[in-house]
Amino acid sequence: MEAGHAAILTVKRAETGPGLIIRLYETGGESHNCRLKLCRDIRRASTCTLAEEPLAPLESLGSRVTVPLVANGLATVRVEVE
């Protein structure tokens, strides 16, 4: 994770289908974008509900994905890698 005020709470396999679920918490009290870097290229990434249902696609490039975080909020992301 690149600079910013965020904590990774969870990294786990998705309950259904391929992919990983990553849960983030914004710790600085300000909305910002968090950039995650994985060890493999990302095929697809999206925000999702706590029940892992997709919400909106996220922009990714290579092994990096940008996740918008709301002040003091949670974000759940589903990532499929190459």
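In this rough spin-label picture, where each label sits 7 Å from Cα along the Cβ direction, the residue 81-residue 16 distance is 2.4 nm. Here the dipole of the chain is about 220 debye; that uses its Cα centre as origin and unit charges on the Cβ of Lys and Arg (positive) and Asp and Glu (negative). Once you sort the root eigenvalues of the Cα gyration tensor of the range 14-79 as a ≥ b ≥ c, which label holds: rounded (a/c under 1.5), prolate (a/b larger than b/c) or oblate (the other case)? Oblate, because a/c is 1.5 or more while a/b does not exceed b/c.
Read-outs: derived from the displayed coordinates by stated rules, not from any lab. No experiment lies behind these values; they were computed from the predicted model shown. Backbone-built Cβ (ideal geometry, glycine too); neighbour counts: all protein chains shown.
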